[in-house]
Amino acid sequence: MSDRTIFILGASRGIGLGLAREFLDRGWHVVASERDRSDDLHALESDRLRIVTADVTDPGSYADLAFDDQTLDAIIVNAGITGARHQSAEQATADEVAHVMMTNAFGPTRAAKSLLPKIKDGGTLGFMSSLMGSIADSSGGYELYRTSKVALNMLAKGVAEQDAGPRNIEVLALHPGWVQTDMGGPNATLTIDDSVSGLADVIEAAGKGGFRYVDYSGKELPF
Ligand SMILES: NC(=O)c1ccc[n+]([C@@H]2O[C@H](COP(=O)([O-])OP(=O)(O)OC[C@H]3O[C@@H](n4cnc5c(N)ncnc54)[C@H](OP(=O)(O)O)[C@@H]3O)[C@@H](O)[C@H]2O)c1
């Protein structure tokens, strides 16, 4: 059994819920957040699970979460959305741009900076990014979602350089693979179990400081 603790921001369903289950199975203590009640998350039932309420776009919702300083081994900011269905730069309204950017990039960064003092020196801070945030890999399309994840990668690197580095906290921009969730859809190539088991291996092996953009198998991705 592990005495390690992870906070997963955005664990009501999909990959976040899968990560909560995976880390409980691995003996970790898990603090998992929902926005509205998630029956699936509450069904996990473990004395090592604590469920809290948080919205990544609302700093007031996570500012008062009860963690002592340096009690967390890892935080994963998993929350994310696809954004407006049309995904088009030409059609996007200012509100649509703001919504996807706040949810996928600026909100996660703000939450991470606020919660960083709760991570132990030498711990791990993971952002759920996407290969769609790679400029080198891009063939275009999904313009709203892609640009939000590019922004997330840039902001995550900044947190690594300016905030986490001095405390040897490793920052990861993670690509979970194409996963069968509400977001990934039924044709995705990976089950949630396959993705979260790889992601948990990557997170358990991290904590060496620095910054990496990696997928669920630990493979480095091009920016
Ligand atoms: N599935 C894929 O193939 C894939 C590929 C690459 C990257 N990703 C990334 O992986 C992460 C999880 O994706 P998923 O496939 O599991 O998606 P999902 O099934 O749509 O689940 C999204 C999760 O994010 C939460 N969330 C959304 N907005 C939030 C907010 N403002 N505050 C807090 N939580 C919020 C949702 O909570 P509610 O239930 O309250 O809405 C839900 O728990 C995302 O960052 C996504 O971009 C997914």
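Values in this text are rule-based calculations from the coordinates and carry no lab data. Values in this document were obtained by computation on a predicted structure and should not be read as measured data. Glycine also receives a Cβ, built like all others from the backbone with ideal geometry; neighbour counts cover every protein chain displayed.
The charge dipole of the chain, taken about the Cα centre with unit charges on the Cβ atoms of Lys, Arg (+1) and Asp, Glu (-1), comes to about 380 debye, rounded to the nearest 20.
Relative to the dominant Cα principal axis of the chain, helix 14-25 is inclined by about 20°. Answer with one residue from MET132, PRO186, ALA156: the one whose Cα lies farthest towards the positive end of the charge dipole of the chain, charges on Cβ with Lys, Arg +1 and Asp, Glu -1. It is ALA156.
Each peptide in 165-175, 40-50 receives the mean, over its residues, of other Cβ atoms within 10 Å, and ordering these scores from highest gives 165-175, 40-50. In terms of its C-alpha gyration tensor, the stretch 5-215 has a rounded overall shape, because the principal axis ratio a/c (a ≥ b ≥ c, square roots of the eigenvalues) stays below 1.5. With unit charges on the beta carbons (Lys and Arg positive, Asp and Glu negative) and the dipole taken about the Cα centre of the chain, which residue among GLY60, GLN70, LEU44 sits farthest to the positive side? Of GLY60, GLN70, LEU44, it is GLN70. Classify the stretch 62-130 as rounded, prolate or oblate, taking a ≥ b ≥ c as the square roots of the eigenvalues of its Cα gyration tensor: rounded when a/c is under 1.5, otherwise prolate if a/b is larger than b/c and oblate if not. Prolate. Calculated mean residue ellipticity at 222 nm for the chain: -9000 deg cm²/dmol, from DSSP H runs with n ≥ 4 weighted as -39500 (n - 2.57), summed, divided by the residue count and rounded to 500.
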